[in-house]
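First up is the structure itself, then whatever we jot down about it.
The values are calculated or read from the model by the stated rules, or taken from the named source; none is laboratory data. The model shown is predicted, which means the values in this text are computed figures rather than measured ones. Reconstructed Cβ throughout: ideal geometry from the backbone, glycine too, with neighbour counts over all protein chains shown. What goes into the accessible areas is simple: the full protein's heavy atoms, side chains included, and nothing from ligands, DNA or RNA. Shrake-Rupley method; radii C 1.70, N 1.55, O 1.52, S 1.80 Å.
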Amino acid sequence: MNILMVASECVPFVKAGGLADVVGTLPRYLKNLGYDVRVILPKYQSIDGKKYDLQTLPYRLQVRVGKDTEFFRVKYYVSEDDITYYFIENMRFFNRPGIYGMDGLDYPDNRERYIFFCRAVLESLKALMFRPDIIHCHDWQTALIPSYLKTVFRDDGFFWNTSTVFTIHNIAYQGQFPADTIDMAGFSWADFTPDKLEFYNNFNFMKCAICLSDAVSTVSPTYAKEIKEFNGKGMEIVLNSRPDDIYGILNGLDYDYWNPLTDREIAANYFQDDISGKKLCKMELQKLCGFDIDENAYLLGCVSRLDNQKGFDIILDAMYLLDDKNVQFVVLGSGDATIKRYLVEAKNKYPKSVAVFFDYNESLAHKIYAGSDAYMMPSKFEPCGLSQMIALTYGTIPIVNRTGGLSDTIKYYVPESNEGNGFVFNITYGDNFVQTILKSEVVFRNKKQWKALMNNAFNSKFTWEDSVLHYQTMYLNLIEKKEYEIVYR
Ligand code: ADP
Ligand code: GLC
């Protein structure tokens, strides 16, 4: 089976959030099943061509975006695992400092940028003579590919064997633009209908993919259910028009990379049977934050995009309400300027118990996962969430809202039965984050119980070995369906 992953982020090349982790890891597991898996990404400025020794293919290709002809080249890199990564290089759209924007603001031409990318991907496949059985698209930036295959390229024999999968990593980002996107993207107005490209008289990238890809998946079973029922941000009806084609497959975590025993970024390595190194990590983190070095302080960490999704209003409340307790807060994040401002205010008020860092900092992220006692994730909604999984593997206890993937991965710790790997509250039922932190603090102060809880955290594993089999089944179903379609074409 030939599989092409199309995405706007992928570790180690470029990352804004968990999408990059997923696109960076899933291909390796598909490769292990024996498939030819390739990945295609934009060549952003931040991707260092020298570091990866990117090679350039000998042709210059072109696509239309509105009235303009855009030229591009395809670069590539073959990893040690023998996965080929292609990079679409175009100076106008991708040679800039940010991925989606700068200083918390989207680039105004993101519509053009990702129309270009989707068209360029299909053109590149022809030049490469690579015919995928499956094109697996991730999030709205890649969402036009299934639509092109069902409309503009419908009669193009090159793609007759190709099925498309569209994975929703976050339904809050849909890529909605005015109807004239039809012209800019080169579609026909005849397809501007509710079952295809029209969405309340607008053009919505994600809606197109939900209607026109061969299967749709999202990144946890609970989120798959939620977006059909009440949390689909306007997509509920569209999703319910094809309920049997919506799959909920939990993300896995890359446990080779996120591993406190081998992590080079942290003060001392440790593992489940000897957690003494974690104490040193906590001391190092307290020092970095300018806090008192105090083993008994309850240190709560958070590494996140600064976005309303992640519940920073709730975290801020906790910073103010728990100032008289021996609790310390550290947040690392980049994104929304207003959230930044509020966090700075809290830090200025409580410099001894609140620390905030505002950049994208992989090394500090590791230090926070390892050095914190507990991890705050009061997300309003969370398609899957990888941060809570990372926290668990560092023996750091997640405190989460019951939503999406957090419901699927974190269970309330009950000392009597020694079940559970974290603390869960439910915003919808009016539960309170601060009260939950206080309940967790009681367990923290009971050394025996906290040790037992940490053991449960270390034992919670969400591996790609399991999840990849669900993707495989989905792909094989699509291929079988396609063979049937071709016979009757
Ligand atoms: P989302 O994809 O919604 O941002 P996830 O929990 O799935 O949330 O994944 C977030 C990933 O991005 C984690 O690997 C987290 O450590 C990382 N991350 C988020 N913000 C930062 C940051 N400022 N610096 C370093 N890593 C970050
Ligand atoms: C999105 C979601 C997050 C998920 C990640 C990877 O960014 O917000 O919950 O873990 O994608 O699928």
Q. Between His136 and residues 5 or more places away or on another chain, which pairs have amide H atoms under 5 Å apart, with H built 1.01 Å from N, and which residues are they?
A. Leu4, Met5, Val6, Val165
Q. Reachable aspartates and glutamates from Lys279, Cα under 16 Å, same-chain residues fewer than 8 places away excluded?
A. Asp263, Glu265, Asp292, Asp294, Glu295, Asp373
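Might you report the magnitude of the Cβ-based charge dipole of the stretch 276-462 about its Cα centre, with Lys and Arg at +1 and Asp and Glu at -1, to the nearest 20 debye? Could the numbers behind the result be given before it?
On the way: 22 positive and 20 negative charges, 74 e Å.
Dipole about the Cα centre, nearest 20: 360 debye.
Work out how much length Asn426 to Glu483 would gain on full extension: take 0.36 nm times their residue separation and subtract the Cα-Cα distance, in nm to one decimal. Could you put the intermediate results ahead of the total?
On the way: separation 57, 0.36 × 57 = 20.52 nm, distance 4.59 nm.
Length gained, Asn426 through Glu483: 15.9 nm.
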Q) Using the Karplus equation 6.51 cos²θ - 1.76 cosθ + 1.60 (θ = phi - 60°), what ³J(HN,Hα) coupling, rounded to whole Hz, does each residue of the stretch 294-308 give in order, writing x for Gly and Pro? A) 8, 4, 8, 5, 8, 9, 10, x, 7, 10, 7, 4, 7, 8, 4
Q) Got a sec to turn the phi values of the stretch 262-271 into Karplus ³J(HN,Hα) couplings, 6.51 cos²θ - 1.76 cosθ + 1.60 with θ = phi - 60°, whole Hz, x for Gly and Pro? A) 10, 4, 8, 8, 10, 4, 8, 7, 7, 8
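When ranked by the protection proxy of mean other Cβ atoms within 10 Å per residue, highest first, what sequence do the peptides 204-212, 315-323, 301-309, 427-435 form?
Values: 204-212: 25.9, 315-323: 18.8, 301-309: 21.0, 427-435: 13.3.
The packing order, highest mean first, is 204-212, 301-309, 315-323, 427-435.
Taking the Cα centre as origin and putting +1 on Lys and Arg beta-carbons and -1 on Asp and Glu beta-carbons, what dipole magnitude results for the chain, to the nearest 20 debye?
Values: 53 positive and 62 negative charges, 113 e Å.
Dipole magnitude for the chain comes out near 540 debye.
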Q | Mean ellipticity per residue at 222 nm, deg cm²/dmol - from DSSP H runs of n ≥ 4 across the chain, formula -39500 (n - 2.57) | A | -11000 deg cm²/dmol
Q: Scan around Gly248 for amide H atoms under 5 Å from its own, H built in the peptide plane at 1.01 Å from N, and keep only partners 5 or more places away or cross-chain.
A: Thr218
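How big is the charge dipole of the stretch 76-148 about its Cα centre, in debye rounded to the nearest 20, if each Lys and Arg gets +1 on its Cβ and each Asp and Glu gets -1 on its Cβ?
Details: 7 positive and 11 negative charges, 78 e Å.
Magnitude of the dipole: close to 380 debye.
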Q: Could I have the simple spin-label model distance between Asp195 and Asp68, label points 7 Å from Cα toward Cβ, reported in nm to one decimal?
A: 3.6 nm
**Q.** Note, ³J(HN,Hα) from phi for the stretch 351-368, Karplus 6.51, -1.76, 1.60, rounded to Hz, x at Gly and Pro
**A.** x, 8, 10, 10, 10, 10, 10, 10, 9, 8, 9, 4, 5, 5, 4, 4, 5, 6
Q) What fraction of the DSSP beta bridges in the chain is antiparallel, stated in percent and rounded to the nearest 5? A) 30 percent
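In the chain, what percent of the accessible surface is made up of carbon and sulfur (1.4 Å probe, ligands and nucleic acids excluded)? Could the numbers behind the result be given before it?
Values: 10070 of 20200 Å².
Answer for the chain: carbon and sulfur cover 50 percent of the accessible area.
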Q.
With only alpha-carbon pairs counted, each pair once and no self-pairs, how large is the Kirkwood hydrodynamic radius of the chain in angstroms?
A. 23.6 Å
Q: Give the peptides 116-122, 269-275 in descending order of average Cβ contacts within 10 Å, highest first.
A: 116-122, 269-275
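With a/c under 1.5 counting as rounded, go ahead and sort the stretch 276-462 into rounded, prolate or oblate using the C-alpha gyration tensor (a ≥ b ≥ c being the square roots of the eigenvalues; past the cut-off, prolate if a/b is larger than b/c, else oblate). List each step's numbers first, then the result.
Working: a/c = 1.40, a/b = 1.15, b/c = 1.22.
Taking the square roots of the gyration eigenvalues as a ≥ b ≥ c, the stretch 276-462 is rounded.
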**Q.** Dipole of the stretch 178-233, positive direction: furthest Cα of Phe230, Met206, Phe187, with charges on the beta-carbon
**A.** Phe230
Q | Placed amide H near Leu306: partners under 5 Å, 5+ positions off or other chain | A | Ser334, Gly335, Asp336
